[in-house]
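Have a look at the structure below, then the notes.
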Amino acid sequence: GKSGEKWLKVEESPPKWRTSPEGGDKMLTGQYTHSIDAKGRVNFPAKLREELGERFIITRGLDNCLFVYSVDEWDQLAAKLHELPISKSAPLNRFFFAGAAEAEPDKQGRVLLPAHLREYAGLDRDVTIAGVSNRAEIWDSERWEKQNEQLTAQSIATAMDELGF
């Protein structure tokens, strides 16, 4: 062979800071504010759509927000729950899977938020969509602000100490 021939093809890999700590190849970041229209649709940020893919899963999340997973992340969550004994996984399966909905943005980038998920998260008009590592979250904007007001430099420092940072 010719010298250097094996170096002709270079594949791109995401920067280390863009790699999810859970082992996925995407890390969702950023905070965006949008409004829900009369039909229950919200414009989903282009940057997050790119990371999540053409289709993604929206389900109930913690703290009365919605979790948004790529299909790959959703499959990983399902596999982890499948490994647990049914006595431990049953309530989690009910919580995450029973109300889950598949979303596919329309040509304008809008996603329909089903009524039962809007009701669960208290979403009426203004929402904040945040990238938080391996998933996005959809919050009522007022609740998002209140949630973040609780974060202080001291509470963050304490959490980091507990995690060994």
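The values are calculated or read from the model by the stated rules, or taken from the named source; none is laboratory data. Since we're looking at a predicted model, the values are computed, not measured. Cβ coordinates were reconstructed from backbone atoms using ideal geometry, including for glycine residues, and neighbour counts include every protein chain displayed. Areas reflect the complete protein model, heavy atoms only, side chains present, ligands, DNA and RNA absent. Shrake-Rupley method; radii C 1.70, N 1.55, O 1.52, S 1.80 Å.
Among the candidates VAL127, VAL111, VAL132, single out the residue that is in a strand (DSSP E or B) and out of contact with any helix residue (DSSP H, G or I) (no Cβ under 9 Å at 6 or more places or on another chain).
Going through VAL127, VAL111, VAL132 in turn, just one is in a strand (DSSP E or B) and out of contact with any helix residue (DSSP H, G or I) (no Cβ under 9 Å at 6 or more places or on another chain): VAL132.
Please enumerate the residues belonging to the range 94-130 that are in contact with a His (Cβ under 9 Å, 6 or more places away or on another chain), at pLDDT 95 or above and open to solvent by less than 70 Å² (accessible area, probe 1.4 Å). Even if it seems obvious, please write down each step before you answer.
Looking only at the range 94-130, we keep the residues that are in contact with a His (Cβ under 9 Å, 6 or more places away or on another chain), and these are 99, 101, 126-129.
Next cut, at pLDDT 95 or above only: 101, 126-129.
Scanning the range 94-130 gives ALA101, VAL127, THR128, ILE129.
In the range 10-24, is there at least one residue being at pLDDT 70 or above and not in a strand (DSSP E or B)?
The answer is no; no qualifying residue exists.
For the range 27-40: of the residues being farther than 26 Å from LEU77 by Cα and either in a strand (DSSP E or B) or among the hydrophobic types (A, V, I, L, M, F, W, C) (or both), which is least open to solvent (accessible area, probe 1.4 Å)?
So the residue we want is ILE36.
Considering the range 58-81 alone, what residues qualify as being in contact (Cβ under 8 Å) with a residue 40 or more places away in the chain, assigned to a helix (DSSP H, G or I), surrounded by fewer than 20 Cβ atoms within 10 Å (Cβ to Cβ) and under 12 Å from the mean Cα position of the chain (by Cα)?
Step one: of the range 58-81, the residues in contact (Cβ under 8 Å) with a residue 40 or more places away in the chain are 58-61, 63-70, 72-73, 76.
Adding the requirement that they be assigned to a helix (DSSP H, G or I) leaves 63-64, 72-73, 76.
Now drop any that are not surrounded by fewer than 20 Cβ atoms within 10 Å (Cβ to Cβ), which leaves 63-64, 72, 76.
Passing the criteria: only ASP72.
Would the range 85-101 turn up any residue that is of a type in the set (Ser, Thr, Tyr) and within 19 Å of PHE44 (Cβ to Cβ)?
no
Please count how many residues of the range 97-108 are over 17 Å from ALA38 (Cβ atoms) and assigned to a loop (DSSP other than H, G, I, E, B).
Here the count works out to 6.
Specify the residue that is most open to solvent (accessible area, probe 1.4 Å); the eligible residues are those in the range 43-54 that are touching a strand residue (DSSP E or B) at 6+ places or on another chain (Cβ under 6 Å) and not small (Gly, Ala, Ser).
Looking at residues that are touching a strand residue (DSSP E or B) at 6+ places or on another chain (Cβ under 6 Å) and not small (Gly, Ala, Ser), I get ASN43.
Under 14 Å from ASP63 (Cα atoms) and either of a type outside the set (S, T, N, Q) or in contact with a Gly (Cβ under 7 Å, 6 or more places away or on another chain) (or both), is that true of ARG125? Steps first, please.
On the way: under 14 Å from ASP63 (Cα atoms): no; either of a type outside the set (S, T, N, Q) or in contact with a Gly (Cβ under 7 Å, 6 or more places away or on another chain) (or both): yes.
Answer is no for this residue.
Would you pick out the residues in the range 143-160 that are open to solvent by 60 Å² or more (accessible area, probe 1.4 Å), in a helix (DSSP H, G or I) and more than 30 Å from GLY53 (Cβ to Cβ)?
Once the filter is applied, which keeps residues that are open to solvent by 60 Å² or more (accessible area, probe 1.4 Å), in a helix (DSSP H, G or I) and more than 30 Å from GLY53 (Cβ to Cβ), the range 143-160 yields LYS146, GLU149, ALA153, GLN154, ILE156, MET160.
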